[in-house]
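> Dropping a structure here in structure tokens format, bear with me for questions.
The values are calculated or read from the model by the stated rules, or taken from the named source; none is laboratory data. Not measured: the values here are computed from a predicted model. Neighbour counts are summed over all protein chains in view; Cβ atoms, including those assigned to glycine, are modelled from backbone coordinates with ideal geometry.
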Amino acid sequence: MYKKSDKAELTVRDKMQLILDIGQLMMENGASSKRVVRDMLRAAAYLGIYWENVQIHITYSTIMINVDDGVTSETMFRKCYKHGVNMMTTLLANQLSWDALTSNESYLIYRNQMMTIQQMARKRLYPQWLTLFCIGMASSAFCLLFGGHWYEALYTFIAAVVGAYVKTLCERFGVNIYIGIAASAFFATATAYLTLYIPGPPCSWLPVVACALTLIPGVPLINCVDDFLSNYLNSGMTRFTQTILVMTAMTFGLSAIAVHMDVADEQEVEAGFDKMMETYGSCDLVMSNAGVQIVHPFEEYPFADWRKMMAIHADGAFLVSRAAYRRMKATGKGGRIVFTGSVQSFVGSKLKEPYNFAKHGVAGLAKAIAREGAEYGIYTYTICPSFIKTPLVEKQIPEQAASLGITEEEVVKNIMLRDTVDGVFTTVEDVANTLVFLSKDQGALTGQSLRLTHGWAMM
């Protein structure tokens, strides 16, 4: 691009190209708009362009410069294609502009040094293993700072390294930056969550929180505030939007936590809901979905299996809905409680007397809660699907075939799908879509049982 060896030989456009080079270098490596403009003006001064003749317009993705000396006017712009944080690059670029101005060094030296910095910015400063190690150590330090124990800091280290490695892989394969951040947060927190089940001393939730803190866009947020305070409103607003997008992507990755509980154990249910409230501060939507199936001919049905079915289906529905109800009422925000019923909330089936009994009861429980919870904005629903080909149903097929003395194909065709209008299983997606729909209901359907049955048990 530059063939001349002395700055006096450069055209105005040659000089503008060089000024844009330093601006792009600063912007893409994490400098604030004020610093970008300052270093560009310093480069202009070095090149013999009076600062009053230079107009610079900055956005997050574009730098535009106009040079007007009263005789001629030239305008150029440069796109900033990537954004990161490399303080070494910004420091070197800043020092270069200072040295060039104060020592009035030759253009050739300036250009070569600029090219060296540009090449360094494209290369990895440190080996990948060292970067991952430092991310893990930083996250571990956060864990200790929050009062965690040494073994929790170790778990945080492992989870943070996993998340950072996933982010590196996403960058390597050109995955969208926001999807990469979400994936990184998800794998980090999922790994941290799994450490809760490692044998040994009990582990808190600190690893789940601390392992993803290094994903927080600290430098962009600082630059955003600096831009606003320095009256660079366009770039400040753009940086603010980008920060929100990063935080949103991170939140998507962090949004799901898993809490292990026995739904038939009152203490475990209450403790699980307490953890959820600690994390999110509210309880907006709950689906009581725990279930099991045990089939026997009625006259042979063991009472122990009956009690197990009642504990999971009936007691579980009661304890989960009561815990949700308490917290929805306490926050004053209301909420929605959704029960998983069944087509067998309306019909009877062979070999499943406890299941039929419990599912009929769940539908009644939803109706009763709907009446009591209405004044608090608490709405209830029962989703009643026909057979869904889950592992639970897959397990039933050979069991029923053995109990009834028929083939598995006959179980599917003549029992599970016999009363549907199209011989099709209900799907998990059908239930999920219904749940999303109910999450937006304002009470018009409260207390209702919605039948997802392909025509089975029509009203």
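> Could you check the stretch 205-307 for helices (runs of 4 or more DSSP H) lying wholly inside it with 3 or more residues that are more than 25 Å from the chain's Cα centre (by Cα) and surrounded by fewer than 19 Cβ atoms within 10 Å (Cβ to Cβ)?
Once the helices (runs of 4 or more DSSP H) in the stretch 205-307 are filtered for at least 3 residues that are more than 25 Å from the chain's Cα centre (by Cα) and surrounded by fewer than 19 Cβ atoms within 10 Å (Cβ to Cβ), what remains is 218-229, 266-280.
> So residue 130 passes all but one of these: (1) part of a helix (DSSP H, G or I); (2) of a type in the set (A, V, I, L, M, F, W, C); (3) surrounded by 13 or more Cβ atoms within 10 Å (Cβ to Cβ). Which condition number does it fail?
(3)
> Any idea which of (1) under 36 Å from the mean Cα position of the chain (by Cα); (2) surrounded by 15 or more Cβ atoms within 10 Å (Cβ to Cβ); (3) not aliphatic (A, V, I, L, M) is the one residue 375 doesn't satisfy?
(2)
> If I ask for residues that are surrounded by 19 or more Cβ atoms within 10 Å (Cβ to Cβ) and farther than 18 Å from residue 103 by Cα, which ones from the stretch 36-55 would you list?
Within the stretch 36-55, 36, 37, 54 qualify.
> Among the residues of the stretch 254-263, is any of a type in the set (D, E, K, R) and free of Cβ contacts under 8 Å to residues at least 24 places away in the same chain?
yes
> Still on this structure, please answer the following. Tell me which residues, restricted to the stretch 83-131, are within 38 Å of the chain's Cα centre (by Cα) and aliphatic (A, V, I, L, M).
Of everything in the stretch 83-131, those that are within 38 Å of the chain's Cα centre (by Cα) and aliphatic (A, V, I, L, M) turn out to be 85, 87, 88, 91, 92, 93, 117, 120, 121, 125, 130.
> Let me ask something additional. Being more than 30 Å from residue 300 (Cβ to Cβ), modelled with pLDDT of 90 or more and not aliphatic (A, V, I, L, M), is that true of even one residue in the stretch 385-408?
No, the stretch 385-408 has no match at all.
> What is the number of the single condition among (1) in a helix (DSSP H, G or I); (2) out of contact with any Pro (no Cβ under 7 Å at 6 or more places or on another chain); (3) not hydroxyl-bearing (Ser, Thr, Tyr) that residue 339 does not meet?
(1)
> Can you pull out every residue in the stretch 103-160 that is touching a residue at least 60 places away in the same chain (Cβ under 8 Å), polar (S, T, N, Q) and within 25 Å of residue 210 (Cα to Cα)?
Passing the criteria: 139, 140.
> Could you figure out which of (1) in contact with a Phe, Trp or Tyr (Cβ under 7 Å, 6 or more places away or on another chain); (2) modelled with pLDDT of 90 or more isn't true of residue 340?
Going through the list (1) in contact with a Phe, Trp or Tyr (Cβ under 7 Å, 6 or more places away or on another chain); (2) modelled with pLDDT of 90 or more, residue 340 breaks only (1).
> Restricting attention to the stretch 223-243, which residues are free of Cβ contacts under 8 Å to residues at least 60 places away in the same chain and in contact with a Pro (Cβ under 6 Å, 6 or more places away or on another chain)?
Across the stretch 223-243, the qualifying residue is only 243.
> Within the stretch 69-102, take every residue that is in contact with a strand residue (DSSP E or B) (Cβ under 7 Å, 6 or more places away or on another chain), without any contact (Cβ under 8 Å) to a residue 60 or more places away in the chain and surrounded by fewer than 15 Cβ atoms within 10 Å (Cβ to Cβ) and give me the one that is farthest from residue 39 (Cα to Cα).
Result: 73.
> Go through the stretch 343-364 and report how many residues are hydroxyl-bearing (Ser, Thr, Tyr) and farther than 16 Å from residue 295 by Cα.
Within the stretch 343-364, residues that are hydroxyl-bearing (Ser, Thr, Tyr) and farther than 16 Å from residue 295 by Cα number 1.
> So, one more: If we keep just the residues of the stretch 155-182 that are modelled with pLDDT under 90, in a helix (DSSP H, G or I) and of a type in the set (A, V, I, L, M), which is farthest from the chain's Cα centre (by Cα)?
177
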